[in-house]
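The values are calculated or read from the model by the stated rules, or taken from the named source; none is laboratory data. Please read all numbers here as calculations on a predicted model, not as lab measurements. Counting neighbours? That spans all protein chains shown, and the Cβs are built from the backbone with ideal geometry, glycine included. Note: accessible area is taken over every heavy atom of the protein model, side chains too, but ligands, DNA and RNA are not part of it. Shrake-Rupley method; radii C 1.70, N 1.55, O 1.52, S 1.80 Å.
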Amino acid sequence: MAETYHDTDVLVMGGGGAGFRAAIEAAHSGVHVTLVSKGPLARSGASPMAGADFTLDGTSMNELGREGDVNDSKEKVFNDIVTQGWYLNNQKLVGQYVDTAKSQLADLMEWGIDITLSDQRAIFTSGTGIMDVLLKKARAVGVELLEDVSILELMKTDGRIAGALGLDVRTGEFIRFRAGAVVIASGGWHKAFWPNTGMRDLSGDGIAAAFRAGADIGNMEFITFCCNVFYAPPIWRGSLAPYILSLVCGGRMSDRNGDDLLSGFDPVLQQKGVLTEWNKSFLSYVSTLAAREGRALENGGIHYSRGDVDWGFMQMVGGVIFPNWKYKAIDFSTWAEKLEKNEPVEVGPAVEYFDGGIVVGDRFETTVPGLYAAGEAALGAFGANRVFSAVTEMLVQGRDAGRFSAEFAKAKKAPEPKRDAFREAEERACAPLSCTGGENPPAVRRNIQEAAHRRLGPIRSEGELTAFIGMLEDVQKNVLSNLSVSYTGRTYNKEWFDALELRNIVELLLVSAKSARLRTESRGVHFREDFPHTDNDAWLCETIVSRGEDAIAFSSRPVTVPHMTPPRGKTPYLEMMKTLMEAHSDTGGKH
Amino acid sequence: MVQKNITVTVLRTDPEKSDAGTKQRYTVPFTEGMSAMDVLDYIYQHLDSSVAYYDHAGCGLGICARCTGRINGKAGLFCQTPVDGGGELVLEPTGKDRVQRDLVMKKK
Ligand SMILES: Cc1cc2nc3c(=O)[nH]c(=O)nc-3n(C[C@H](O)[C@H](O)[C@H](O)COP(=O)(O)OP(=O)(O)OC[C@H]3O[C@@H](n4cnc5c(N)ncnc54)[C@H](O)[C@@H]3O)c2cc1C
Ligand code: FES
């Protein structure tokens, strides 16, 4: 096969919000930028799926001419992000979020973002709306855009980033990229779980490739599950619609016996844990608890119904969020009939956001020179639990990563990538095409996904984590090198992509499960049945994972706390959650 | 309860073999509320993983608009077209001229 080389200054991996924002900023700095997206441009990853809220302090919103609580302040937002994150946040990144969100929103408004409505400290727009604006801007500033191309591996020369190997998903041809700097903006690894919240492209390729290239990753045990996600019918499985409706209106959550899921819990938890975005961690925990006690429905979920919420009110809210009970191409009209009749649907927790990721410094640089990361792929601002906006995060981080990567590429001449390294990576990638009689990639994947949902869900225990680690190690050792495909051509070969993605999925699940086993406490979205206390004496540290010469090393890094001092002592999980909920500033809204 | 099945015909094209349009039949167990995409997922995961449809980056929820095809002759999104139990289902690419492979169309 011919060797195709593609030269650029800054290569951006990922066509979601973080990738586009980085590309636009890098292009502003006057370098040549190529953005490579595995999925459709501006219609892949989590970004277009978002509701979406862009969240910042109400005073800044006001100064930009939007509604917003003028008594709100950057300090209050800072306080809330850190207490919601159970003090595990990197406070430098929280500061970056709080300080730059306003100018970021100003950019979006200048570029023509459509704002549906706003509250005390959030504007509501849509993920697709944001992506359309970014796509238009990227085209206008001359970013080179490639879609349906997957980056498989990063290339280094003398310890520095020199390029990357890509695969054109449609034709099956390799593309060899030469670049002075690379920005990883490839989002999370939702595809490691089943069920999940939709996107089929998010297999953590960027985090895994960066890790293989020597970058540290961290806090991989913190995985946010969204609550009240449709489990059935299959056509709506993974949709967040019931979550959004319950966040605004409330409603009734019950188990298979018809018993109320929330009875017996503290009134503060019942209130804040349903009607604010604390619902993701609280209700996911409560739903998982019910399932573990054998009170789940057919698909492992719970019932959600209107309960004693007035139908007129719900209909009005529904009409704003899903006009005519339609959302894009989904038709929810039969659900509306059920809501009116107070009939339940089956919902449950599903993986939605990854709080951990690639470790970055103040300039969004990783531990590998020339390699940057932003958005969900990076270990971000939210610590152990995210309530504030990941959409804001992807944009503020994308912008800075774009600027600093461009500066790096401008200042230092790109090293020449090694031909042999490309060839070896290509040969490795092609192995499943010539392996015969091996295991079937989709079957292996599905099996792992279901196990991940059970073992790495909101409630964990040593025994289950150990069993899961054993399963993954067996797959890594015996199965990954023995995957074969039934169609051996290269044109749009799904089985082949599954095989390539599986390596990343297994690696990240292993790191995550091992981090979760190490963390013998409960904090944020990580609850350990066998260690049900938040331990602020022993565990106010991030879990950092590094790749040594022949083994993976786990270490811990004290949290970065330039501003707010964390509490001390050991506190039962739900008690700690209540304390943190009550530590919220006096600003209202869902955040 | 008697298990209902769906009889599915998929129009397959392998450009590397230049054989345009082979009809392949599968039997898929029916679940209430299934979409055409769920049917394809079942075939891919349980019956024949050589079948190609645009899903390496689909959203499954009617947002990306990449899962286009013909469902019983009518153009639509596989992921948001419900299917009936007990019936016949024919899945074809949107057109005949620009087929990349099976149900995946080439870029315009
Ligand atoms: C259903 C859903 C709803 C959400 N709603 C909200 C909300 O309302 N508000 C909010 O604040 N947050 C929300 N979030 C979270 C938020 O949307 C994400 O955290 C954010 O969009 C991530 O942006 P990103 O650019 O980092 O990654 P993504 O948007 O996930 O983009 C990743 C990109 O990388 C590409 N990619 C992946 N692998 C490769 C590869 N190997 N090579 C090349 N490209 C690759 C993908 O195709 C995609 O283009 C939601 C998340 C989900 C799943
Ligand atoms: S897969 Fe995205 S619209 Fe069907």
Practice task
DSSP loop (so not H, G, I, E, B), at most 15 other Cβ within 10 Å: list which chymotrypsin sites (Phe, Trp or Tyr not before Pro) in the stretch A:79-179 pass both filters.
Solution key: A:111
Practice task
Can you tell me which of A:531-541, A:159-169 comes out highest on packing, and rank the rest after it, using the mean Cβ neighbours within 10 Å?
Solution key: A:159-169, A:531-541
Problem - Exercise: per-residue mean of other protein chain Cβ atoms within 10 Å, B:46-56 - result: 6
Fill in the blank from the handout: With a 1.4 angstrom probe the carbon and sulfur portion of accessible area for the protein assembly as shown, in percent, totals 49
Handout entry: Listed residues A:588, A:30, A:324: farthest to the positive end of the dipole of chain A (Cβ charges)
Key = A:30
Exercise for the section: Set Lys and Arg Cβ to +1 and Asp and Glu Cβ to -1, take the dipole of the stretch A:492-591 about its Cα centre, and tell me which of A:531, A:566, A:551 lies farthest positive. Expected result: A:566
Problem - Assigned charges on the beta-carbon of Lys, Arg, Asp, Glu; chain B dipole about Cα centre (debye) - result: 460
Problem - Per residue solvent-accessible surface (Å²) - the stretch A:428-532, probe of 1.4 Å - result: 34
Handout entry: Cα-projected label distance for residue A:541 with residue A:271, points at 7 Å along beta-carbon direction, nm
Key = 3.8
Problem - 19 Å Cα-Cα reach of residue A:412 towards aspartates and glutamates, excluding residues that sit fewer than 8 places from it in its own chain - result: A:7, A:9, A:25, A:158, A:365, A:400
Problem - Rg and Dmax of the protein assembly as shown, Cα atoms only, in Å - result: 24.0, 70
Problem - Degrees between helix A:311-321 axis and first principal axis of chain A (Cα, 0 to 90, nearest 10) - result: 20
Completion exercise
The simple spin-label model distance between residue A:308 and residue A:424, using points 7 Å out along Cα→Cβ, in nm, is 6.8
Exercise for the section: Sort the following peptides by mean Cβ neighbour count (other Cβ atoms within 10 Å, averaged over residues), highest first: A:558-569, B:63-74. Expected result: B:63-74, A:558-569
Handout entry: Cα centre as origin, Lys/Arg/Asp/Glu Cβ charges: the stretch A:30-154 dipole, Debye
Key = 220
Handout entry: Beta bridges per DSSP with both ends in the stretch A:1-138, % antiparallel, nearest 5
Key = 55
Completion exercise
Restricted to the protein assembly as shown, the DSSP antiparallel beta bridge percent, nearest 5, is 70
Practice task
Starting from the Kirkwood radius over alpha-carbon pairs of the stretch A:542-591, derive D by Stokes-Einstein at 4 °C in a medium of 1.567 mPa s and give it in µm² s⁻¹.
Solution key: 89
Completion exercise
For the table B:23/B:106; A:38/A:136; A:137/A:191; A:92/A:590; A:191/A:477; A:92/A:280, the rows whose alpha-carbon distance is greater than 27 Å are A:137/A:191
Exercise for the section: Report, in degrees rounded to the nearest 10, the 0 to 90 angle that the Cα long axis of helix A:279-292 makes with the longest principal axis of chain A. Expected result: 90
Problem - Peptide A:159-167, shielding by other chains (average Cβ, 10 Å cutoff) - result: 0
Completion exercise
Partner shielding of A:136-148, taken as the mean number of other chain Cβ atoms within 10 Å, equals 1
Problem - Å² per residue, accessible surface of the stretch A:60-132 at 1.4 Å - result: 35
Fill in the blank from the handout: For the residue A:4, residue A:436 Cβ pair and Förster radius 25 Å, calculated FRET efficiency rounded to 0.05 is 0.30
Fill in the blank from the handout: Relative to chain A, whose Cα atoms define the longest principal axis, helix A:127-140 and its Cα axis are tilted in degrees, nearest 10, by 30
Exercise for the section: Can you tell me the dipole magnitude for the protein assembly as shown around its Cα centre, using point charges on the Cβ only (Lys, Arg +1; Asp, Glu -1), in Debye to the nearest 20? Expected result: 1220
Handout entry: Chain pair B, A: total accessible area buried, heavy atoms, 1.4 Å probe, Å²
Key = 3500
Practice task
Find which of A:382, A:408, A:394 sits farthest along the positive direction of the dipole of the stretch A:367-420, computed with +1 on the beta-carbon of Lys and Arg, -1 on that of Asp and Glu, about the Cα centre.
Solution key: A:408
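Whats the longest run of chain A with zero GluC sites (Glu not before Pro) that are DSSP loop and have at most 12 other Cβ atoms within 10 Å?
A:4-292
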Problem - trypsin sites (Lys or Arg not before Pro) lying in DSSP loop within the stretch A:365-431, provided at most 12 other Cβ fall within 10 Å - result: A:413
Exercise for the section: Among DSSP beta bridges whose residues both lie in chain B, state the antiparallel percentage, nearest 5. Expected result: 80
